[in-house]
Amino acid sequence: MIQVISLTVLLIAAFSGAAETSGSHQSCSKDQNPLILPAHRWSCSAGAPLEITTHTLLDSLPLDEVKDNSVRTVRRCAFSQSTPTPLRGALQLAALSKDVLENVLELDESVMQNEDVVQFLSGGKLFLGSFPLAHRYGGHQFGYWAGQLGDGRAHLLGEYTNRKGERWELQIKGSGKTPYSRSGDGRAVLRSSVREFLCSEAMHFLGIPTSRALSLVVSEEAVWRDQFYNGSVRKEKGAVVLRLAPSWFRIGSLEVLTRAGELDILRMLLNFVIDQHFTAIKPNAPNKYVAFFSAVVNETANMIAKWMSVGFAHGVCNTDNFSLLSITIDYGPFGFMEAYNPNFVPNSSDDEGRYSIGAQADVGLFNLQKLLEALLPVLSLDQRSQAEQILEEYPQIYHRRFHEQFKAKLGLLGDEEDDAYLIAFLLKLMEDTGSDFTMTFRQLSEVTLLQLQNNSIPQELWALWDLSSHEYFSDWVKLYSQRIGSQPGDSEETRTGRMTAVNPCYVLRNWMAESAIRKAENNDFSEVALLQQVLTEPFVKQMKAESAGYSSRTPAWASQLRVSCSS
Ligand code: AMP
Ligand code: MG
């Protein structure tokens, strides 16, 4: 099956008690928690106080009986209790998502005035009700079973249900060692934390299922990293991102249980995830694990098609980085493709290009196969064959989603037989000319059909200029004009309006993140703030973004930029 999808993909492509947390765990008291005050103000009328809790998780899933934080092989649990290690030295709030604060946590910005807020956001102090946990998971990394992985530098602080009834799990990353730290130091450096903070928020505003980020706290604590694995170890600053997701369970969360033969816990975790997050599946349905698998297959195809629609390459599509809720998680050496190239590999450590942008759909299939393997012990023979059948459908599901995304990018209405050809033809021209992925689609949304037909493209539409150098460009324009021209009731204005609403002018290109990181390393967080703000409206042309060159050609200084797994 992998071969089948490779061919098709190629075709498309070618074409928290204020207690200090350094000691034993303690929750803070209500009065000492700065984040609870405004919530109380409004929640009095709503009748329910803000509360971060781990009850739902721990009432349903087993906790590690061993209580020490030492690195070890953990058995028979989903979580280990682990206390964050506070960052050393002065702390600074480098970035904050107002949208997460106000619309996810439903807190007033005034909470940020509390002098201890950076402690709460980085694990130095704990929110009321918080009982920090490290999750036990495993995973297939670069195609091979890697054994126990787990939250080696992240702590789940607790969960929060907002007034809309949305359940969010708050996690801090870079907050110190846990039983799953293996040889790592439990820390995350500023550069990778800036990237995760900015990209997860940017992806949300691009309309792609993703974890969110509330805050980025930077410290003076020295963290040593060999960024390009070439023996050049550099001192960097430690940072903590507070990130949120409806659930942080991954494919690897199930795999580790099956591999350990802990089938009772496997069932508990599956039942919990279905009960909490797949509410369309009845708890007593005899086929619920098959229905769950089917939903994950569908939504994973959807997520990857959406990644492709914005030229996003995750970089490390291991099963431990693939969410059971099919949201984008664990941002590391990701990249947004610039010159169109199906072989684009963002991660300089990925020598074989296993996780190239064009391979992501295949990798999704591989990961879903691993999910199915993890589910096998709870499936009857008949259910196994049903699940296999569902997996067989993944290529079609993916292609349907991909096709829908790209049709919308081109402003096509309805369905025509040759639409796939029109899309593939354009992608082939883009590949041959190396035209910029984001701006080619954006500028196609801004140009008039007449300008395309007369080849009188305004010079500022630089990506289209690159594309128009192709000998078959006018042939493509002819087909495209015919297709667009035949759409009843459509006008240039409505077409361009539709297209600009789905084709962003701004994505987090590597050079943009790098420019912000270089300043942040010198305590200047202005460009982090600028990027964060610009990327909340990626489809809207903004003066400040234009002046910063965010929709222009990548500057020459950035041509050799690389990112690696080191974080
Ligand atoms: P990642 O490549 O970031 O998805 O991480 C893979 C695994 O390595 C996960 O189990 C992480 O928790 C762990 N890990 C990565 N970096 C560190 C670190 N600095 N300290 C401890 N564990 C880490
Ligand atoms: Mg990971």
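Using just the C-alpha positions of segment 279-347 as equal point scatterers, what log10 of I(q)/I(0) does the Debye formula give at each q in 0.14, 0.22 1/Å?
So the normalised log intensities are -0.52, -0.95.
May I ask you to sort VAL316, VAL240, VAL223 by Cβ crowding, counting other Cβ atoms within 10 Å and putting the fewest first?
Ordered by Cβ neighbours within 10 Å, fewest first: VAL223, VAL316, VAL240.
Percentage of Cα-Cα pair distances in segment 347-462 greater than 25 Å, rounded to whole percent?
When every Cα pair of segment 347-462 is considered, 45 percent fall beyond 25 Å.
Mind jotting down the distance between the C-alpha centroids of segment 362-441 and segment 513-556, whole Å?
32 Å
Given the options TRP476, PRO504, SER456, identify the residue whose Cα lies farthest towards the positive end of the charge dipole of the chain (+1 on Cβ of Lys, Arg; -1 on Cβ of Asp, Glu).
PRO504
Provide the FRET efficiency to the nearest 0.05 for the LYS98-LEU58 pair, computing r from the beta carbons and using R0 = 41 Å.
That gives a FRET efficiency of 0.85.
Could you give the distance between the Cα centres of segment 244-288 and segment 51-89, to the whole Å?
The two parts, judged by their Cα centres, are 18 Å apart.
Whole-Hz Karplus ³J(HN,Hα) for segment 341-347, in order, using 6.51 cos²θ - 1.76 cosθ + 1.60 and θ = phi - 60°, x for Gly and Pro?
3J(HN,Hα) across segment 341-347, in whole Hz: 7, x, 8, 4, 10, x, 8.
Using just the alpha carbons, could you tell me how many Å³ per residue the convex hull of segment 265-404 encloses?
It comes to 115 Å³ per residue, whole-number rounded.
I want to check the label-to-label distance for ARG75 and GLN389. Put each point 7 Å from Cα in the C-beta direction and report it in nm to one decimal.
About 4.0 nm separates the two model spin labels.
Label ASP415 and ARG234 with points 7 Å out from Cα along Cα→Cβ: what is the distance between them in nm?
For the pair ASP415/ARG234, the computed spacing is 5.1 nm.
Starting at the first residue of segment 284-291, write each ³J(HN,Hα) from the Karplus equation 6.51 cos²θ - 1.76 cosθ + 1.60 with θ = phi - 60°, in whole Hz, x for Gly and Pro.
With coefficients 6.51, -1.76 and 1.60, one gets 9, 4, x, 9, 5, 6, 5, 4 Hz.
Which translational diffusion coefficient, to the nearest whole µm²/s, is obtained for segment 62-112 from the Stokes-Einstein equation, given a Kirkwood hydrodynamic radius over C-alpha pairs, 10 °C and 1.306 mPa s?
Result for D is 108 µm²/s.
May I ask which residue of ASN343, SER294, GLY364 lies farthest towards the positive end of the charge dipole of segment 265-404, with charges of +1 (Lys, Arg) and -1 (Asp, Glu) on Cβ and the Cα centre as origin?
Of ASN343, SER294, GLY364, it is SER294.
Please give me, ordered by residue number, the GluC sites (Glu not before Pro) of segment 326-399 that lie in loop per DSSP and have at most 16 other Cβ atoms within 10 Å.
In loop regions of segment 326-399 (DSSP not H, G, I, E or B), the sparsely surrounded GluC sites (Glu not before Pro) are GLU352, GLU393.
What is the magnitude of the charge dipole of the chain about its Cα centre, with +1 placed on the Cβ of each Lys and Arg, -1 on the Cβ of each Asp and Glu, and no other charges, expressed in debye to the nearest 20?
Approximately 1040 debye in magnitude.
Once you've got the Cα coordinates, tell me which of LYS288/LYS428; LYS164/LYS407; LYS428/LYS541; LYS173/LYS306; LYS173/LYS519 are over 31 Å apart.
Listed pairs above 31 Å: LYS288/LYS428; LYS164/LYS407.
For q values of 0.10 Å⁻¹, compute log₁₀ I(q)/I(0) with the Debye formula on a Cα-only model of the chain, without solvent.
-0.86
Looking at segment 46-122, which trypsin sites (Lys or Arg not before Pro) are DSSP coil and have at most 15 other C-beta atoms within 10 Å of their C-beta?
The qualifying sites are LYS67, ARG72, ARG75, ARG76, ARG88.
Cα convex hull of segment 414-567: how many Å³ per residue?
Roughly 147 Å³ of hull volume per residue.
When every alpha-carbon pair in segment 238-331 is counted, what percent end up more than 17 Å apart?
I get 56 percent for the Cα pairs in segment 238-331 exceeding 17 Å.
FYI, it's all coordinate maths here, none of it is from the lab. The structure presented is a predicted model; accordingly, all values stated were derived computationally and were not measured. Note that we place each Cβ from the backbone using ideal geometry, even for glycine, and neighbour counts take in every protein chain shown.
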